[in-house]
């Protein structure tokens, strides 16, 4: 369905067209008509499916710009998502003259109060900051006509349920309520029953979560080899714009530092980054001043950046739905994209769970070798030299070095000079700076036989090589051998104790006793005597 088929004003349609949108996504097609009719809606959909426009366009349509009071409130779990929603609502409502403000923790509340006093038709904010503003009487909700709860399950996971209920209780009961959530736990359903009026349910099926425009690959690799494997692959593939996902803030910082050391133009974003720096990093990434953006799942939620060609999952997500969010950053606007997930041997079970959710099978990919990466970098350097020679601005500077160049030409052969230039341009793979990425706590071991109850898939081939998923239960990626040994020893002891009734203890005197009484003797120092019991 096309946007011009909805009953939207000319101002909104003009901004939609300017943004390059023509066809509505499934969540938009089902939600926008219900929103325009004033009905309450519960939408089950992921980030990246177009939720903001789904609730934003009906909300913007209802705004009376001549009335200076706050008429709509959007509650979001994170400041990143709040800012993203505010920017998109502002973009769509610009021609109509709708004022949209965002409020969130980590920034000056005084500045936000000043912004609210200057006028706002729609406020987007995080639960904690919204409550602070309400308590300070800087945010008045008496005239709210539309209330939106975005990513309600995420807010629930972050412990915001009481804050949300406190905010909702202050909004007029005559309002329209739109609730969006990726999952539907009981607490979310209770909100629907308690605070919504006969809501319509909209659900996007799992088969619509991923796109055929994204080629999905995995590389099985030991934890300590991930970074070199990823950077070699980047050298070979030369992504135009790439996002690398790490599981923790520390991981993001270390990956960013390591990528810079290896010569990549990279910056990272996570929850500890102040808002001004975050916006600067995103602006540089959008404008092509960066090649790689490193991010946590929370920091990347709601990102709308066109032109991302590659997504690298340095850490496989524990939550399979986070994988859907991640790869949704590429393969947009009809363009193809690629996602590569680096999986340590003990994480193969999580790979199958992701495949069960997305209904798609990832292809195995062979890690690029150091030689392949070196050859690829040489090709990049050669192309740059060729482009530079075609650039008249650069050639005009040649005369400044004429005398020195002729002297060098007399002393060295053209081949020697060319090799020297290339050696300055391309890093020698044998002399790359060392980068150490600290080990994160591995995900709990999950058998890879069946995912969500399915049958084992067995060994399978892949795209670039016949690498098979073999020895799946082997822990090649052990961390802390001593700690692992102690943990297993303790587990064995507990198992033996649980089976005490089935174990016989044999003493030199041929007397039988139960395990519990025998082990008491073992634990004492005098248990070292010649009469010490032994197991059979």
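Contact order normalised by length for region 3-204, with contacts defined as Cα pairs under 8 Å and 6 or more residues apart; what percent is it?
Numbers: 361 pairs, mean separation 57.1, N = 202.
RCO, region 3-204: 28 percent.
Take the Cβ-Cβ distance between residue 203 and residue 4 as r, set R0 to 35 Å, and report the resulting FRET efficiency rounded to the nearest 0.05. Intermediate results must be reported in sequence, preceding the final value.
Details: r = 26 Å, r/R0 = 0.74.
Approximately 0.85, to the nearest 0.05.
For 197, 96, the sequence from fewest to most other C-beta atoms within 10 Å is 197, 96.
Annotation for region 106-152 versus region 259-338: alpha-carbon center distance of 28 Å. Inter-label distance, residue 399 to residue 421: 2.0 nm, where each label sits 7 Å from its Cα along the C-beta direction.
Pop the C-beta distance of residue 430 and residue 408 into the FRET formula with R0 = 30 Å and round what comes out to the nearest 0.05.
Details: r = 27 Å, r/R0 = 0.89.
It comes out at approximately 0.65.
By other beta-carbon atoms within 10 Å, ranking 344, 431 with the fewest at the front produces 431, 344. Subtracting the Cα-Cα distance of residue 369 and residue 276 from their residue separation scaled by 0.36 nm leaves 29.6 nm. Among 68, 174, 296, the order by Cβ neighbours within 10 angstrom, fewest to most, reads 174, 68, 296.
Working from label points 7 Å from Cα in the Cα-to-Cβ sense, the residue 37 to residue 158 distance is 3.2 nm.
Every number here is computed from the coordinates shown, using simple stated rules; none is lab data. Every value quoted in this text rests on a predicted model; they were computed, and no experiment measured them. We place every Cβ from the backbone using ideal geometry, glycine too, and count neighbours over all the protein chains shown.
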